[in-house]
Amino acid sequence: MSSIKERLSFEQLKQEPCFTNLTPKQRLMIETFIASNGDRVLAVKTAYNAKTLDIARVMAYELFENPKIIACLAIYFQDDPLDVFKRDVQRAWRNKRLSIAQVQAMKLYCDVNGWGSGSLPNLHGRGSAEPARSAKQSRAKNSKVTPADPLARVPEGATPLADKNGIVRGYKTADGNFVQLANAEAL
């Protein structure tokens, strides 16, 4: 038997920093979303003055994927922070442009909250995840590029070179030569 979690009242949500830091349109969208029992299209149409429901529906996909909106709704619905983090990791894993900085930020967030990779369940919620491998083991066994390990394409001893978005575009070898990597999105 599953228990239904208590939600915050809208008055309580209005006091939360996640809500007060939103733009006025975002706050109106959240308020309408809650008042309409979860109607995303109506919330977007009201807050952003969309001309048609079809336009509002398209806008809702992007607007409700905003991390600030997701965080605010997670607090309203009293979601477990670990469950929210696991959803964020899944979304990041599917991102073709996942940067080193994003991976490091998620790792730091995980460490700050005391969540180790060995204690997290796998994506299907069964069993535990594989124990974490060192960077050397990871690179040696996995020469294929994966979004979760952007450094897999950089040989051991080389210095990765990233663009302003944190995406590895090449590396500098130990003897000082520069190597440009192929664009992963084009492969």
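Computed values, structure above
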| quantity | calculated |
| --- | --- |
| Computed FRET value (nearest 0.05) for ASN113 with LYS5, which takes r as the C-beta separation and R₀ as 25 Å | 0.80 |
| Built amide H within the under 5 Å cut-off of ARG169, gap 5+ | LEU161, ALA162, ASP163 |
| Given LYS5/LYS107; LYS14/LYS107; LYS5/LYS45; LYS5/LYS86; LYS45/LYS68, the pairs whose alpha carbons are separated by over 21 Å | LYS5/LYS107; LYS14/LYS107; LYS5/LYS45 |
| Contour excess over end-to-end distance, with Cα ends at ILE55 and ASP163 and 0.36 nm allotted per residue | 35.4 nm |
| Neighbour net charge for PRO81 - beta-carbon separation under 12 angstrom, K R +1, D E -1 | -2 |
| Phi-based couplings in Hz for the range 11-25 (Karplus 6.51, -1.76, 1.60; Gly and Pro marked x) | 5, 5, 4, 4, 8, 6, x, 4, 7, 5, 7, 6, 6, x, 5 |
| Neighbourhood net charge (14 Å Cβ-Cβ; Lys/Arg +1, Asp/Glu -1) for VAL41 | +1 |
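Read-outs: derived from the displayed coordinates by stated rules, not from any lab. Being a predicted model, the structure only gives us computed values, none of them experimental. Note that we place each Cβ from the backbone using ideal geometry, even for glycine, and neighbour counts take in every protein chain shown.
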